[in-house]
Structure formats: C-alpha cells, structure tokens
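Only one structure is covered here, and it is reproduced in the block below.
The values are calculated or read from the model by the stated rules, or taken from the named source; none is laboratory data. Keep in mind it's a predicted model, so treat the numbers as computed, not measured. No Cβ is skipped: glycine too gets one built from the backbone with ideal geometry, and neighbour counts run over all protein chains shown.
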Amino acid sequence: RLLEAGREIEVEVDVRAAFHAEDLNAYNTIAEIPGTDRKGEVVMAGAHLDSYQGGTGATDNAAGSAIMMEAVRILQALGVKPRRTIRIALWSGEEQGLVGSRAWVEAHLGERRAGSGDPAQADLPSFLRTGPFQPKPEHAGLVAYFNTDNGGGRIRGIYAQENAAVAPIFEAWLRPLHDLGATTVTQNDTGATDHLSFDAAGIPAFQFIQDEMDYQGRTWHSNVDTFDHLEKEDLQQAAVVVATFLYHAAMRPDPMPRKHLRQEPGAVISGVTQGSPE
C-alpha cells in the first residue's frame with residue numbers, strides 16, 4: 001500500500017553471521033550388514049548427505065539418504081543374512097564435486113597415476129590425472145554400487161549406465177515390482193552424482209530413475225527444498241525397490257557384469273544434461 005501511495009520506502013537489515021573454522025573436514029557415514037559365505041564381496045548403496053544452504057536439503061538429498069537407510073532397515077527387519085556384505089554410505093561434499101565419494105574410491109578402490117610428461121599431476125586429485133588407473137585390492141571385491149539422488153519421487157527404473165550385460169538382470173529384478181510402477185531399464189547414462197565416482201573406477205555403478213515431481217523445476221538447489229515437498233508413500237516405494245536390488249545383488253551366484261575399465265579418464269561435466277540430479 002505504501003508503494004501504491006507513492007511513498008518512499010527504506011529497508012534496514014541487520015545480518016549476523018558466524019564462520020566456524022574449528023573443523024574443516026567433511027565426513028562420510030558408512031555402515032554395513034555383514035555377509036556370510038561371500039562376506040569378502042560387497043554390494044554398496046549410497047546417497048549424499050550434504051545439501052545447498054538455501055533450504056534444508058529435503059529433496060536434495062535427505063530423501064535419497066532416507067531411502068537408503070530405510071532399504072537397509074527393511075533387510076534387517078526381515079532377518080536377511082546376505083551372502084555378500086551390504087554397505088551403505090552417506091556421502092559428504094557431493095555438491096562441491098563428488099568430493100566424499102571420490103575420496104573413498106581413491107582410498108579404497110584405486111587411483112589414477114600422473115600422466116606421462118606432466119609431473120605436476122602428481123599433486124592433483126586422482127580424478128584429475130590422465131594416467132592409467134591403478135586398482136587396489138578392494139577393487140575386485142566391490143560387486144556393485146547403487147545411488148539415489150533424484151528427489152523424493154517414486155522409483156520408475158534404473159539407468160544401466162551403458163552396461164548392456166546388466167539389462168536382462170535388472171529387467172528380471174523389476175518384474176515383480178511392476179505393480180509398484182518400477183518398470184524401466186535404460187542403457188542411457190546419467191551424471192552429476194556419486195555413482196560416477198565408482199563408474200570411473202570400473203565398478204558397476206547405477207542411479208535409479210525417479211519421478212521428477214517438482215524437483216528440477218522448484219526444489220533443486222533452492223530455498224524451497226523443504227520437507228513439505230516429500231511424499232511418504234513415494235519414499236516407502238523407493239525404499240522397497242532399493243532393498244530388492246540390494247538383496248538380489250547380494251545373493252546372486254555371480255558378481256555383476258563389469259564394463260571395460262577405461263584407462264584414460266573422460267570428462268565429467270555437471271549440470272548440463274537434462275535430468276542431471278546433482
């Protein structure tokens with residue numbers, strides 16, 4: 001009304017902020033259900049726990065973290081004794097460039113050497129080097145990695161990440177879940193989230209396809225990324241699908257098929273393709 005009346009308005013804002021430098025480290029949170037006869041082999045599930053500061057990070061990515069924790073809770077509640085160890089990881093630093101998952105991969109699975117003729121690469125993080133990938137002993141035992149980072153919608157399927165050999169396996173796993181709306185296996189790959197850290201290391205790594213809801217259009221990296229944009233039933237459905245995949249991957253006779261490990265790294269660019277979750 002003041003504006004309509006032509007009155008001049010002055011706004012005074014008092015902003016108080018504090019910067020805490022006591023601990024500048026970021027931390028991953030990791031837990032597992034021990035395996036039985038193949039406990040040395042591991043099936044991993046992960047989601048990033050950090051978020052942009054504008055909202056509370058409900059859809060990006062508290063939803064994904066909750067889905068993964070609930071999937072593991074379901075398996076424990078059912079008394080499942082998996083053949084392979086099931087490990088859940090909640091990553092930190094995803095929004096800064098997959099920092100948490102990349103650090104874990106480098107520490108446990110392997111790293112790239114410095115490219116020939118460029119000694120300065122030795123001081124770079126592994127994913128920025130251009131030399132061959134040098135696997136560590138744990139690399140052979142990690143059977144698969146599954147990721148959720150597409151908001152809080154229902155799971156409709158999974159990206160096979162151009163791993164053609166897994167398509168019939170995933171199609172069989174999804175068949176009993178068709179009545180829940182999970183039907184799709186696509187060879188397309190998707191980027192900008194933590195499964196890429198594992199895919200770049202030659203691990204079968206996959207991201208689930210979820211209903212977009214208002215994720216890309218409203219909540220993603222915005223101040224409205226709050227819990228009122230989550231639907232309980234959708235999160236429950238997603239947890240059931242993830243639990244099913246973890247169960248099958250942990251119990252199947254053979255490890256998951258692997259793609260050829262690229263010895264020269266490709267460029268991973270975040271946020272430029274339609275549907276990139278981040």
Against the condition exposed (fewer than 10 other Cβ atoms within 10 Å of the Cβ) and within 30 Å of GLN237 (Cα to Cα), how does GLY79 come out, does it pass? yes
Filter segment 222-244 for residues that are touching a helix residue (DSSP H, G or I) at 6+ places or on another chain (Cβ under 7 Å), surrounded by fewer than 24 Cβ atoms within 10 Å (Cβ to Cβ) and of a type outside the set (A, V, I, L, M); the one that is nearest to GLU32 (Cα to Cα) is THR244
So which residues in segment 22-55 are more than 17 Å from the chain's Cα centre (by Cα) and at pLDDT 95 or above, if there are any at all? ILE33, PRO34, GLY35, THR36, ASP37, ARG38, LYS39, GLY40, GLU41
Restricting to segment 180-197, count the residues that are touching a helix residue (DSSP H, G or I) at 6+ places or on another chain (Cβ under 6 Å) and either under 13 Å from LYS259 (Cβ atoms) or small (Gly, Ala, Ser) (or both). 2
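Residues are listed down the side, and each one gets a yes or a no for (1) assigned to a helix (DSSP H, G or I); (2) at pLDDT 95 or above:
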{"residue": "PHE170", "(1), (2)": "yes, yes"}
{"residue": "ALA192", "(1), (2)": "no, no"}
{"residue": "PHE208", "(1), (2)": "no, yes"}
{"residue": "ALA238", "(1), (2)": "yes, yes"}
Can you name every residue in segment 115-163 that is over 11 Å from PRO204 (Cα atoms) and aliphatic (A, V, I, L, M)? ALA120, ALA122, LEU124, LEU128, ALA140, ILE155, ILE158
